[in-house]
Amino acid sequence: MDKDELKQRHKAFAIRVVRMVDAMPNTISSAAIARQVIRSGTSPSANYRAACIAKSEKDFINKLKMVEEELDETLHWLELIVDCQILPEDRMRDIIQECSELLSITVAAIVSTKKSINKE
């Protein structure tokens, strides 16, 4: 998967997060979680775009680490939404899987870039 495809995948994930948040019930607890997940779930897209124009491999890694942290936080909120029964698990399964896959891809990119740097 090339950078442009991954940019699109991150953007599509951000859009899914926005739509999911809009579907959450209007309760105090849902609103609090919604604010958290909307922030953490949309920022990986912007941070990945920034990584794609990084000035060096070290800069690329640092930006990807921000993507990793935000995806991990988003995964936490998505799991909490299921655990608190804010939205049904069957409705959340695909978005949780996509978040996990994006996180795995990001971690693999960090590891491979670090190996590339260490070979130089």
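The values are calculated or read from the model by the stated rules, or taken from the named source; none is laboratory data. Computed from a predicted structure; not experimentally measured. So basically every Cβ, Gly included, is an ideal-geometry build from the backbone, and we count neighbours across all protein chains shown.
For every residue, the table says whether it meets (1) exposed (fewer than 12 other Cβ atoms within 10 Å of the Cβ); (2) out of contact with any Asp or Glu (no Cβ under 8 Å at 6 or more places or on another chain).
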residue	(1), (2)
Ser29	no, yes
Ser56	yes, yes
Met66	no, yes
Val82	no, no
Ala109	no, yes
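Apart from one condition, Ala54 fits all of (1) in a loop (DSSP other than H, G, I, E, B); (2) within 16 Å of Met20 (Cα to Cα); the exception is (2). Starting from residues that are loosely packed, with under 15 Cβ neighbours inside 10 Å and either modelled with pLDDT under 95 or among the small types (Gly, Ala, Ser) (or both), keep the ones in the stretch 10-25 and report whichever is nearest to Leu71 (Cα to Cα). The qualifying residue nearest to Leu71 (Cα to Cα) is Ala12. Within the stretch 21-77, the set of residues being under 21 Å from Lys11 (Cβ atoms) and either in contact with a strand residue (DSSP E or B) (Cβ under 7 Å, 6 or more places away or on another chain) or β-branched (Val, Ile, Thr) (or both) comprises Val21, Val37, Ile38, Thr42, Ile53, Val67, Thr74.
Of the residues that sit in the stretch 16-45 and are of a type in the set (A, V, I, L, M) and in contact (Cβ under 8 Å) with a residue 24 or more places away in the chain, which one is nearest to Leu80 (Cα to Cα)?
Per the criteria, the residue is Ile33.
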